[in-house]
Structures are given as structure tokens and as C-alpha cells.
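What follows is one structure encoded as C-alpha cells, with my remarks underneath.
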Amino acid sequence: MKKQKSKKILLVDDNPAFLLQLKWALKDEYKVETATSCSQAHSLYLSFEPDMILLDLYLDRNIHNYEETTAFLTFFKQLNGKVKVVIVTSEEDKRVRQNLLQSGADDYLTKTNLMDKLPAVLQAG
């Protein structure tokens with residue numbers, strides 16, 4: 001008997017290859033949708049109603065500050081305070097991590113060790 005997928009996860013990253021890899025890794029246990037932009041994520045958020053969002057720190061490769069991510073994080077939390085938002089990035093700056101956690105992120109994972117840490121985060125969330 002196939003296990004029922006109940007937890008819904010929205011993956012938001014501007015790298016389609018990364019999204020495909022992550023979706024493939026999660027699809028057997030979770031309902032997964034992907035978005036490559038803020039506007040696409042907003043639309044999917046409203047229709048999909050995810051339990052958790054894995055949000056890339058820098059959605060636009062040409063912007064190297066995290067203000068857009070902080071604004072998007074705040075937006076998601078205001079819509080639904082129960083949604084878990086996990087920042088996923090290759091950035092290992094402890095100051096950035098602390099600022100995002102203080103802004104409401106539920107966790108902050110680096111892409112270098114994502115697949116080692118993600119199962120525990122998904123189980124907890």
C-alpha cells in the first residue's frame with residue numbers, strides 16, 4: 001500500500017536544475033510544487049497552501065542582498081503564521097543567518113549539507 005502524502009512543500013529557487021533535483025528527492029514522501037520567481041511563488045502559495053516553504057536566499061542571481069527574501073518571508077508569515085519557512089542557500093554568513101532567523105525564518109540550511117540536514121527539518125516541521 002502506498003503511503004499517503006500529506007505534507008505540502010513549496011520549493012522556491014531561481015535555479016531550475018536545483019529545483020528539479022530537490023523535487024525528485026522529495027516527491028515520494030511529500031506533495032511538492034516549485035517556483036522560480038517571487039510572483040510564481042505567490043500564486044502557487046495561494047493555490048497550493050503549503051505547510052513548508054524552502055526559500056532560496058537570493059532569488060535573483062543579479063541581486064546580492066537578502067532584502068527581497070526578508071520581504072517575501074514576512075509576506076508568507078503574515079498570510080499564514082503556521083507555515084514553516086526554511087531559507088536554503090550557499091551563503092554561510094552567520095550574520096545573515098541570524099538576521100533571517102530573527103526576521104521569522106524557521107531554519108537556515110546551506111546547500112552544501114542540505115540533503116544531510118533536510119530530513120530532520122522536514123520531520124520537525
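Numbers for the structure displayed
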| read-out | value |
| --- | --- |
| Residue within region 100-115 that is charged (D, E, K, R) and either touching a Cys at 6+ places or on another chain (Cβ under 7 Å) or over 19 Å from Lys27 (Cα atoms) (or both) present | yes |
| Filtered residues of region 97-125 (kept if in contact with a Ser or Thr (Cβ under 9 Å, 6 or more places away or on another chain) and surrounded by fewer than 18 Cβ atoms within 10 Å (Cβ to Cβ)) | Asn99, Ser103, Gly104, Thr110, Lys111, Thr112, Lys117 |
| Residue within region 91-101 that is closer than 22 Å to Leu19 by Cα, of a type outside the set (Lys, Arg) and touching a residue at least 40 places away in the same chain (Cβ under 8 Å) present | yes |
| Only listed residue being among the hydrophobic types (A, V, I, L, M, F, W, C), touching a residue at least 60 places away in the same chain (Cβ under 8 Å) and surrounded by fewer than 19 Cβ atoms within 10 Å (Cβ to Cβ), chosen from Ala25, Ala17 | Ala25 |
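Every number in this text was worked out from the coordinates using simple rules, so none of it is lab data. Since the model is a prediction, treat every value here as computed from it, not as a measurement. As a convention, Cβ positions derive from the backbone with ideal geometry for all residues, glycine included, and neighbour counts pool all protein chains shown.
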